[in-house]
Each structure stands twice: as C-alpha cells, then as structure tokens.
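A short write-up of the structure that comes next.
The values are calculated or read from the model by the stated rules, or taken from the named source; none is laboratory data. No experiment lies behind these values; they were computed from the predicted model shown. Ligands, DNA and RNA are stripped out before the accessible areas are found, and what is left, the full protein with its side chains, is counted by its heavy atoms. Shrake-Rupley method; radii C 1.70, N 1.55, O 1.52, S 1.80 Å.
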Amino acid sequence: MRGAVLHAPGDVRVEDRADPRIEAPTDAIIRVSAACVCGSDLWPYRGIQTMDGPAPMGHEYVGIVEEVGSEVTGVRPGQFVVGSFWASDNTCEICLSGYQSGCVHRVGMGSLGSQAEYLRVPLADGTLVATPEVPPAELIPSYLAASDVLGTGWFAAVAAEAGPGKTVAVVGDGAVGLLGVLAAKQLGAERIIAVSRHESRQKLALDFGATDLVTSRGEEGVARVKELTGGLGAHSVIEAVGTQESMTQAIRSARAGGHVGFVGVTHDVSLSGLEMFWSLVHLHGGPAPVRRFLPELMELIGNRTIDPGRVFDLELPLEQAAEGYRAMDERRAVKALLHP
C-alpha cells in the first residue's frame, strides 16, 4: 500500500509500505476513507521533536472495516468507523473513568501511520465507533475531525468547565482552538473570546460561535481579555498551542478560581510554582480521551447539528501529502485532508 513517511525534518515522502495484517485477535483492518495532517505532526516535521529514523505518519482516520480479528464483536466488515488517535480497550479502570487516552493497554495510532491506504487498529472493540450506515461524502470531513481535533477541542472545553453563564477564552486558532470555540458554544457558554491574528480563522471562529476577537498575544492579549471581562479574566480558558507563550497567556487570562483546559502538545513549557500558587487557577488537560466523546460527537455530526469539517481548508490526494505539510507549516492552510 501507499503511505506517508517522514524521513527527516521537512522530508515527507509517500512510498510503498507493507500492507497491515491482523496481528492480534482484537485487531481490525480498515480501508482509510480520509486521513489528515495534524498540528502535532508539524513538531517532528519542523525538527522540534526528534525522531529516530524514518517514521510512518498520521493518527487521525476514518474508513471502512475490511477485516477483523477473531475476538472482535463490536464492528464488522463493511461498516464505516471513526477511531481515536489512542487505541484503548475501553474496559480498564482508567477507561471506565473517562480517560481512555490513559488506558493501561493503550496504543498510539501515530506509531502505525494512518496517512495511508489501509490501517491496522488495535483493540478495535474499544477504539472504533461505527455509524448507523455509510455516510455521504460531505460528512466524511466532519467525522474525520471527530477522530482528534474535534474531540480534543471538546475535551479542552470540558476540562476548562465551559458552560452556561461562563466566559471562555480560547488561546490558539488552529483546528483544535477553532473547534474548542465550537465546543464551548455547544456546551452553552455565554461569551467566547477567540484569540487570533488571521482573518480567515477569525471568520471561522465567529461562525463557530465566538462573540469577541482578541488579535494580540502575550501580555497584550492577557490585558485585552481582562479588559473584556471587567478586569477579572475568563471563567474558562482553552490552551490549544503548546508553547511557553500560549500556556502563560492562558493561565494569566483566567480569573481567580477559573479553569484552564490545556491540550496543545507542550514543548519546552515550564510553570512557576509561585505564580500557580497565587493564581488560584485550576489546570487540567493532556492527551484528549476522544473515545469518551465519540458517540455524542458522531450523533451531532450525523444529524448535522455541527459541521466541524469546515476546519479542513485544503484537500489533497494522499500522494501529495508533502504539500499538505508545507501548507500547514507555512500557515497557508488550517488543516489538510488527505484522500487515499
């Protein structure tokens, strides 16, 4: 099969890879209908995250089940399925508490590479959720968003305790931040402040439910959020970038007693214990337990209540995956969808 492989920073190639096969009785093989490039894929692409030799790429996926192992009972060949970027058994004590991304048997799907024609999904019964029927083509981008960025934005909003009567600030205008805006809106937030300096992303944030825009970063951005909230700061803040600047901005944008949901993959971020002590801010986040939210999110997509697929502003054939990486790296695209 064909699949994307990162050989070195800036060097993505689509080449022949071995076809996946059933390796455990709990596995499934899917024919990938759509995959995409994630903002977190840009860390190794830019050389910020080190890599040890060529690596298959991609951890977001939707597709049709082709084959299942002998112990798989939850999905069957021919079904359209969505899966999380963490494979999980969904039965262990951690999974049952709603943190499938911390499953004691978890498998990172990025190690298997979903930017390909076919994909092996471990722990298929716990990981994959099937739609009632094969969806029309126009819904596939939205279901693909549910595999990671929608579920991640949703977790960030839940971790930040977004809800009725709350003011939510969103730091980061990539796909996760934008879908954090959508999630906050769906959860009933009264006011949503999107931090963005890019006009096209600002427009999408407003379409998803933002009520206010802040166009400055760092301390200027914090000051503007404080100004918009009577000097207090936001009740809830979503951090969707993962840099020192974004994390600091998120924490300082929250009011005393506020909540910060952080889901940006952190790189070289350190927190001052003394600042955290005096801030009185709750901090919760990490790799999103997307599987917790998948049934609800897929229902909202299927009945067309939400349209998260709008974050995909570039669609390419799999063979042009390298251009998808370049476009996102150069901020010419929010998120690139790949058609195998």
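Side notes on the structure shown:
- Full-extension gain in nm, Q49 to L232, via 0.36 nm per residue minus C-alpha separation: 62.2 nm
- Each semi-axis of the equivalent ellipsoid for the chain is √(5λ) with λ an eigenvalue of the Cα gyration tensor; in descending order they amount to 33, 21, 19 Å.
- Applying the Karplus relation 6.51 cos²θ - 1.76 cosθ + 1.60 with θ = phi - 60° to segment 326-340 yields 3J(HN,Hα) values of 4, 5, 6, 4, 8, 6, 8, 9, 6, 7, 9, 9, 10, 9, x Hz, where x marks Gly and Pro.
- Solvent-accessible area of segment 166-307 (1.4 angstrom probe, protein heavy atoms only): carbon and sulfur portion equals 52 percent.
- The alpha carbons of segment 43-197 give a radius of gyration and a Dmax of 17.1, 51 Å, in that order.
- Rounded accessible area per residue of segment 175-284, 1.4 Å, Å²: 45
- Sequence-separation-based contact order of the chain, relative, with Cα cut under 8 Å and 6+ spacing, percent: 19
- Vicinal HN-Hα couplings computed from phi for segment 282-297 (Karplus, 6.51 cos²θ - 1.76 cosθ + 1.60; Hz; Gly/Pro x): 7, 10, 8, x, x, x, 5, x, 4, 4, 4, 9, 3, x, 5, 5
- Helix-only arithmetic for the chain: the sum of -39500 (n - 2.57) across DSSP H runs with n ≥ 4, divided by the residue total, places the mean residue ellipticity at 222 nm at -8500 deg cm²/dmol.
- Note on exposure: L187, L294, L204 ranked by accessible area (1.4 Å probe, complete protein assembly) read L187, L204, L294, with the most exposed listed first.
- Accessible area (Å², 1.4 Å probe, nearest 10) - S40: 30
- Reachable lysines, given that their alpha-carbon falls under 24 Å from the alpha-carbon of K166 and they are not under 8 places away in the same chain: K185, K203, K226
- Carbon and sulfur %, accessible surface of segment 1-138 computed with the full protein complex present, 1.4 Å: 49
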